[in-house]
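Encoded as structure tokens, the structure appears first; notes follow it.
The values are calculated or read from the model by the stated rules, or taken from the named source; none is laboratory data. These numbers were taken from a predicted model, which means no experiment stands behind them. Here the Cβ positions follow ideal geometry from the backbone for every residue, glycine too, while neighbour counts run over all protein chains shown.
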Amino acid sequence: MEIGVVGQPNVGKSTLFNALTLLDVAMAPYPFTTTKPNRGVGAVRVPCPHVEKGVSCSPGNATCVDGVRWAPVNLIDVPGLVPGAHDGRGLGHQFLDDLRPSDGFLQVVDLSGGTSEEGVSAPVGTHDPALGVEWLEDELVEWIAEILGRDFERNVRSLELEGGKLEEFLQRRLTGLAISAFAISAAVRSSGIDIAHPHLWSVSDRRGLARELLRSAKPRLVGANKCDRSTKEQWEIFRERTASSVPSVPCSADAELTLRRAARAHLVRYRPGDSRFEPVPGATLLPAQTKALEAIAGVMDHWEGTGVQRALESLLFERLHRVAVFPVEDESHWTDSRGRVLPDLFLVPADSTVRSVAYRVHTDLGENFLRAIDARTHRALGADHPVSPGAILRIVSKR
Ligand SMILES: Nc1nc2c(ncn2[C@@H]2O[C@H](COP(=O)(O)OP(=O)(O)OP(=O)(O)O)[C@@H](O)[C@H]2O)c(=O)[nH]1
Ligand SMILES: [Mg+2]
């Protein structure tokens, strides 16, 4: 799974990416600081079942701190998008295509209204961040519509003549865009287009389908960034104007990055997502550091934290509906074959079946699936049984 961090230039995408990954990619107060995509790994919090079991766990692909498992999430930070990006403006196409595998988008906007649509810094309150939300959706729609539309008429005419399936044709067309066959069928239905005669589809029909695909297959959430220099009134206005199309979370990437780095340097005690931090007794702070931390404490009081971790988690859990599943090989001890307790964690769509989880663990397990055993209840579950959030499953296969 991958989340694309997207938005106009200079709004704080790389700062947010650095905060979430603790990497150190370039950030600067002008547009196009990022010229090539950056990839990294952030994490979301999931309760770790080792607490129920009263034993300690041995996580392989995540860390576990105080009963909280930090499940990894791949992130990609791309260069700023400017209006007309789908036509190649700015750095255009080149990196829109890097967003193909993204399962969802975390859009960053400058809530304070201090960045122009081209990414030039301006006085606070001189630009409307809500316009950036509408505009990004249109830009992404154009991008998908264009992928759909390449040599469209010729291709659909032969499809119609040969009697091929429209959904399969669209799926081939959208390969690499991480859109499931199910989502494609649903989008075709809800867009209300004439399924039997795709050669008659107008550009605006294709755009309508692209919009449905985007809405259903690429959930989006807005990180309303730079809240440290925004007012509550700006937030209310922004939310009012955008809430019907996309949810948002006020955040300060700058504050989060400073706190995570200070925590790494043992200057403060702070866990991402906490609504406050504590100084580490005995840590020596320079006067400038003390001042910066005091300012951040004020921002956190005002906005109930920095919002960055909350933004990623809302996107993952409320928009992408991911749930955690813990596969084990021994349902009594919750261990793998080497005796490690709850070694793995997968984030899967909430509507997954236990068999699809088996496929995630290993293709062989999916293909040779017999049943799964719920390690809490010891009940056997059939292939189509839906996973429950936090399930601990042993997969039983033919070999
Ligand atoms: N006040 C404030 N400034 C921020 C915040 N986040 C980022 N900035 C500043 O905004 C400027 C742009 O940050 P970047 O992270 O480089 O922005 P970007 O969106 O990646 O920019 P491009 O790569 O050029 O598209 C930098 O000067 C950051 O320090 C924030 O939460 N609050
Ligand atoms: Mg950047």
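Observations, loosely collected:
- Figure legend. Inter-residue proximity from the range 114-135: first residues closer than 20 Å to Arg89 by Cβ and free of Cβ contacts under 8 Å to residues at least 24 places away in the same chain, second residues outside any loop (DSSP other than H, G, I, E, B) and among the acidic types (Asp, Glu), beta-carbon distance below 8 Å, spacing 6+ or different chains. Indicated pairs: His127/Asp110.
- Per the listing Leu370, Leu393, Leu347, the residue uniquely under 26 Å from Ala43 (Cβ atoms), more than 23 Å from the chain's Cα centre (by Cα) and either not basic (Lys, Arg) or not in a loop (DSSP other than H, G, I, E, B) (or both) is Leu393.
- The number of residues in the range 4-37 that are crowded, with 20+ Cβ neighbours inside 10 Å and either more than 12 Å from ligand 2 (Cβ to nearest atom) or not small (Gly, Ala, Ser) (or both) comes to 17.
Yes/no matrix, rows are residues, columns are (1) within 22 Å of Ala43 (Cα to Cα); (2) among the β-branched types (Val, Ile, Thr); (3) more than 16 Å from ligand 1 (Cβ to nearest atom); (4) modelled with pLDDT under 95:
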residue	(1), (2), (3), (4)
Ser202	no, no, yes, yes
Arg206	no, no, yes, yes
Arg215	no, no, yes, yes
Lys218	yes, no, yes, yes
Gly223	yes, no, no, no
Pro247	yes, no, yes, no
Ala253	yes, no, no, no
Thr258	yes, yes, no, no
Arg276	yes, no, yes, no
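- Residues that are farther than 19 Å from Met300 by Cβ and in a loop (DSSP other than H, G, I, E, B), drawn from the range 230-264: Ala243, Ser244, Ser245, Val246, Pro247
- Taking every residue in the range 17-35 that is in contact (Cβ under 8 Å) with a residue 40 or more places away in the chain and pairing it with any residue that is within 6 Å of ligand 1 (Cβ to nearest atom) and part of a helix (DSSP H, G or I), at least 6 positions away or on another chain, the pairs with Cβ-Cβ distances below 6 Å are Ala19/Ala253; Val25/Ser14; Thr34/Ser14.
- Residue list for the range 7-51, filter: in contact with a helix residue (DSSP H, G or I) (Cβ under 6 Å, 6 or more places away or on another chain), of a type in the set (S, T, N, Q) and under 25 Å from Tyr270 (Cα atoms): Thr15, Asn18
- Scanning the range 71-89 for residues that are within 16 Å of ligand 2 (Cβ to nearest atom) and assigned to a loop (DSSP other than H, G, I, E, B) turns up Val78, Pro79, Gly80, Leu81, Val82.
- Note on the range 71-90: residues that are surrounded by fewer than 21 Cβ atoms within 10 Å (Cβ to Cβ) and either aromatic (Phe, Trp, Tyr) or farther than 18 Å from Asn225 by Cα (or both) amount to 8.
- Number of the exception - Val109 against (1) within 16 Å of ligand 2 (Cβ to nearest atom); (2) part of a loop (DSSP other than H, G, I, E, B): (2)
- Only residues that are crowded, with 19+ Cβ neighbours inside 10 Å, outside any strand (DSSP E or B) and not hydrophobic (A, V, I, L, M, F, W, C) were counted in the range 41-70, giving 3.
- Test: residue in the range 224-232 that is within 16 Å of ligand 2 (Cβ to nearest atom) and either surrounded by fewer than 21 Cβ atoms within 10 Å (Cβ to Cβ) or assigned by TED's automatic domain parsing to the domain that holds Leu111 (or both): yes
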